[in-house]
Amino acid sequence: MSVLVYTESEQGKFKKAAFEVASYGKAVADAMGVSVTAVAVNANDTSELGKYGVDKILNVKSGDLEKFNAKAYAGVIEQAAKQEGASVVIISSSADSKYLAPILAVGLEAGYASNVVEAPSSTSPFTVKRTAFTNKAFNMTTIDTDVKIVGVSKNAFGLVESNGNAASEDFSPSIPASGVVVDSVDKATDKVTIADAEIVVSGGRGLKGPENWGMIEELADVLGAATACSKPVSDLGWRPHSEHVGQTGKPVASNLYIAVGISGAIQHLAGINSSKVKVVINTDPEAPFFKAADYGVVGDAFEVVPTLIEKLKAFKAQNA
């Protein structure tokens, strides 16, 4: 018996979420007195997983899995779980994992708890804490099926290193056929993605036009952050829809979220509530975002942001 973790990778490199689910899996395995097995798909170097508590790695190499396909990936994880006799399967809360989770749950006849933010408070019965009502509340959920699937919220558990070396072995599952064919995937390059970013700098209509987006990108560059935008900005065509965050866009669970010129519609706030520290810069002191923010600056973004960039550059130069 073991805890099975699905460790996501992209272009052969593990995502940060892979190490977070491994850390979470180690905590669950210790509580249950079992080992941790990881499934890695087309990863170049799997040795780093051992640092986060993984005991065994099922290394899958397949040209049929080069592009993500929910049914195919769910089938691979299902076969791995059955081979290892896993009673708990840990996945991330990425868009891909949320897509494959229901398929995997059906295949394993498993209960699935998404948006989990803490290690289980009990493993018998298996009880976890989850966010609810678009991150406005928490609930305690008990999974009573023989196999449990846990989706860990981004940045909720963190990375926990442990001493260990993972043994790797080749795993060659059958790849389920799918009615979905992925022709191509276009991804942004040479920039931090919203999904992996620790810091996100987001802009709204207060920037007045796409020609002013340079200062958002400069602030993000100084902070090593990803850039994002509100829905009206993407609807206007100022920024691509891939940068739209909110309830109807991409959810954000960064350690720091900076909103520049965003009033804070309820849909936007629902999508960024999981961020740990929220900062707003807006000329309107009555903007709804100020009620949700940890820190607020009432001021003109065209004055505040350049000054902030200047101060951050000076601080980095002094501490270089």
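Of note:
- Screening Val297 with (1) at pLDDT 95 or above; (2) of a type in the set (A, V, I, L, M); (3) part of a loop (DSSP other than H, G, I, E, B); (4) farther than 12 Å from Ser230 by Cβ gives one miss only, at (3).
- Residue among Ala74, Ala137, Ala81 that is farther than 26 Å from Ala270 by Cβ and touching a strand residue (DSSP E or B) at 6+ places or on another chain (Cβ under 9 Å): Ala81
- A single member of Val160, Val128, Val152 is over 27 Å from Lys61 (Cβ atoms), in contact (Cβ under 8 Å) with a residue 60 or more places away in the chain and surrounded by 12 or more Cβ atoms within 10 Å (Cβ to Cβ), and it is Val160.
- All strands (runs of 3 or more DSSP E) inside the range 1-61 with 1 or more residues being aromatic (Phe, Trp, Tyr) and either in contact (Cβ under 8 Å) with a residue 40 or more places away in the chain or open to solvent by 10 Å² or more (accessible area, probe 1.4 Å) (or both): 2-7
- Options Ala287, Ala292, Ala317, Ala228; residue that is over 14 Å from Val201 (Cα atoms) and touching a Lys or Arg at 6+ places or on another chain (Cβ under 8 Å): Ala292
- Residue match in the range 92-110 (condition: in contact (Cβ under 8 Å) with a residue 24 or more places away in the chain, aliphatic (A, V, I, L, M) and open to solvent by 30 Å² or more (accessible area, probe 1.4 Å)): yes
- Some residue of the range 163-183 being buried (at least 16 other Cβ atoms within 10 Å of the Cβ), closer than 17 Å to Ala29 by Cα and in contact with a strand residue (DSSP E or B) (Cβ under 9 Å, 6 or more places away or on another chain): yes
- Of the candidates Val298, Val304, the single residue that is open to solvent by 40 Å² or more (accessible area, probe 1.4 Å), of a type in the set (A, V, I, L, M, F, W, C), farther than 29 Å from Phe157 by Cα and in contact with a strand residue (DSSP E or B) (Cβ under 8 Å, 6 or more places away or on another chain) is Val298.
The values are calculated or read from the model by the stated rules, or taken from the named source; none is laboratory data. Small disclaimer: the values here were computed from a predicted structure and weren't measured. Because the Cβ atoms are built from the backbone with ideal geometry, glycine has one as well, and the counts that use them run over all protein chains shown. These area figures cover heavy atoms from the full protein model, side chains too; ligands, DNA and RNA do not enter into them. Shrake-Rupley method; radii C 1.70, N 1.55, O 1.52, S 1.80 Å.
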